[in-house]
1. Of the residues that sit in region 121-155 and are among the hydrophobic types (A, V, I, L, M, F, W, C) and not in a helix (DSSP H, G or I), which one is modelled with the lowest pLDDT?
2. Can you go through ARG96, ARG28, ARG81, ARG10 and tell me which one is among the charged types (D, E, K, R) and under 19 Å from the mean Cα position of the chain (by Cα)?
3. Output the helices (runs of 4 or more DSSP H) that fall wholly within region 11-104 and possess 2 or more residues being touching a residue at least 60 places away in the same chain (Cβ under 8 Å), or say none.
Amino acid sequence: MLALVAEFSRWIIPALLLIIPLVAWVKRVKVYETFVAGAEEGFTTAIKIIPYLAAMLIAISVFRASGAMDLLVGAAAPLTRLLGIPGEVLPLAMMRPLSGSGALGLSTELIKTHGPDSFIGRLASTMQGSSDTTFYVLTLYFGSVGIKKYRYSLYTGLLADITSFLASVYIVIKIFG
């Protein structure tokens, strides 16, 4: 199974770099012009989201500095211990819905401390790649297009974060045992 995962990982990016332009050519899409138009639209969106980004980064800093994250991790620790989930990954599970860069920093620390091939290193990598930054998406993307009522999106996003955390644990245990 590990050899299959390694071989798939090795060829997926080159395959995509070949397939995407090939499909565009078959569909007669002008790739360069489409790219430039998308980049222009992306730049406009980037300017619009700066206030939302600033507000979110300040809120995350307050959440971490106040000790609220440590309280949440401490409250969840008995349950995760019961499930056999290492407590070291709990801050990552809490940070991932809030901030991609903050979660990446925590993942880097975990991998540096425990090693990339350790259970915790593999779990951190799997969690990093299989979940999204729910609050980032809600504040920036929803805010930039003016969506004000996103209650169900929040519930769904947080449920997806919990599911991806549990699925990451399950997959890492099954594949890397």
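The values are calculated or read from the model by the stated rules, or taken from the named source; none is laboratory data. Note that the structure is a prediction, hence the values are computed from the model and not measured. FYI the Cβ positions are ideal-geometry reconstructions off the backbone, even for glycines, and counts take in every protein chain you see.
1. VAL145
2. ARG96
3. Values: elements: 31-65, 68-83, 90-95.
Ranges flagged: 31-65.
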